[in-house]
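The values are calculated or read from the model by the stated rules, or taken from the named source; none is laboratory data. Because the structure is predicted, anything quoted here is derived from the model rather than measured. Glycine gets a Cβ as well: all are built from the backbone with ideal geometry, and neighbour counts include every protein chain shown.
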Amino acid sequence: MPRQLLGAGPLALAHAVAFTGASAAAQGLGGAESRSTDGTDGIVIDAVLCMALPLMLAAGLFFLLRVVVRGAAFAATTRHWRQSQPSNHSVEVSSLDKRLHRVAIVLTSVEHALRLEEDSELREMLDQSTLSEQRARDEVDKARAGKVSLPVAAAQVHAAEESMGVTEERARELFGDNAFLDEGARVGCFFCARPLANASYRRQVPLKRGSDITPVVACPPCAELAAAGQPSPILVRMEMGERMLHWSELERYDPYHRRHEPYPGVRTVPAWDLASQLSLSELAARAAGGQGELAADEGCPVLDLDSPAQGTSVLSLEPSREQG
Ligand SMILES: [Zn+2]
């Protein structure tokens, strides 16, 4: 019987070994008479044992190896799946981004509404909503970086939504649904790029560089700061880390939209550090919506861009003309 099992698998061999061992024991119990007289059985048992043990060891190792390899493959698959799934945190930040995007769309449409009439109450509400929107954007950016908790950022986004709702309602009361059409002159403050939809909200600031005086259009807050010799910083973008572009040079820059969703990569520089390759008069025309050179208003304080150290000095247009 053991001979017949020599060609079988390790399991059959193990059974054979157990069975043969039991038979041998039984034979031992039965006395010496029952042992094979020619010793053939003993040789067969030894041969089977010699063959079976290494095979059993090999089978055990093979089984162990399969378990290890399968375990490693399972772990790798699980890791890959986890990495490919967006975490709860990034999903929730992304949902806050979407809510802020909706706020920006509504506030942009209110900017357009002001083309119909410069209503001081609506302007104030829009400014408050814009401030709340900027705070919310800052908080969401902090939440993205793990610097504040998601509920803190979500609370700020909620505040921005509430403020936006009140402002939108006021615009609708004043002008009706047509107020929100994508209309209005593409004019922005030379300094901060705030949209100046209504002509009555535009101010003028004469900038002096060399012997030239160039009037630029500005929003009332920037005009007041310039008149006090403390000009607002100017919104620019650095290209390739070297070339400075004034906001009006940026491709498809829409002052209405970018007031609420900043153009990527923009920053501000002190007014006297403006170093565009275009002349001041070219930039002034672009900021004014390509309406050509502005006519200088007499009596406006001139801001001297060549004298940053004397930035607080305010020149009047008349003496400059006399010098020219
Ligand atoms: Zn401004």
If you go through Glu124, Glu161, Glu139, Glu168, the only one that is loosely packed, with under 13 Cβ neighbours inside 10 Å, part of a helix (DSSP H, G or I) and either in the same structural domain as Ala227 (by TED's automatic domain parsing) or not basic (Lys, Arg) (or both) is Glu124
Which pairs do you get when a residue that is among the acidic types (Asp, Glu), found in region 245-270, comes within reach of a residue that is assigned to a helix (DSSP H, G or I), reach meaning Cβ atoms under 7 angstrom, with the pair 6+ apart or on two chains?
Glu249/Arg286; Glu261/Ala104
Of the criteria (1) away from the ligand (no atom under 16 Å from the Cβ); (2) modelled with pLDDT of 95 or more; (3) surrounded by fewer than 20 Cβ atoms within 10 Å (Cβ to Cβ); (4) closer than 22 Å to Pro262 by Cβ, which one Glu173 fails:
(4)
Go through (1) within 16 Å of the ligand (Cβ to nearest atom); (2) more than 31 Å from the chain's Cα centre (by Cα); (3) assigned to a helix (DSSP H, G or I) and name the single condition Asn178 misses.
(1)
Return the only residue of Gly229, Gly265 being loosely packed, with under 14 Cβ neighbours inside 10 Å, of a type outside the set (Asp, Glu) and away from the ligand (no atom under 14 Å from the Cβ).
Gly265
With within 14 Å of the ligand (Cβ to nearest atom) and of a type outside the set (Asp, Glu) as the only criterion, which of Pro270, Pro215, Pro220, Pro206 stands out?
Pro220
Output the qualifying pairs, or none if there are none: Cβ atoms under 6 angstrom, residues six or more apart or on different chains, first residue in region 182-194 and on the phi < 0 side of the Ramachandran plot, second residue of a type in the set (A, V, I, L, M, F, W, C) and away from the ligand (no atom under 11 Å from the Cβ).
Val187/Ala288
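For (1) touching a strand residue (DSSP E or B) at 6+ places or on another chain (Cβ under 6 Å); (2) assigned to a helix (DSSP H, G or I); (3) charged (D, E, K, R), each residue gets a yes or a no:
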| position | (1), (2), (3) |
| --- | --- |
| Gly241 | no, no, no |
| Leu245 | yes, no, no |
| His257 | no, yes, no |
| Thr268 | yes, no, no |
When you check Val157 against the structure, is it within 15 Å of the ligand (Cβ to nearest atom) and touching a residue at least 60 places away in the same chain (Cβ under 8 Å), yes or no?
no
Counting only residues that are modelled with pLDDT under 95 and within 12 Å of the ligand (Cβ to nearest atom), region 188-200 contains a total of 0
If you check Leu283, Leu235, which single one turns out to be outside any helix (DSSP H, G or I), in contact with a strand residue (DSSP E or B) (Cβ under 9 Å, 6 or more places away or on another chain) and buried (at least 20 other Cβ atoms within 10 Å of the Cβ)?
Leu235
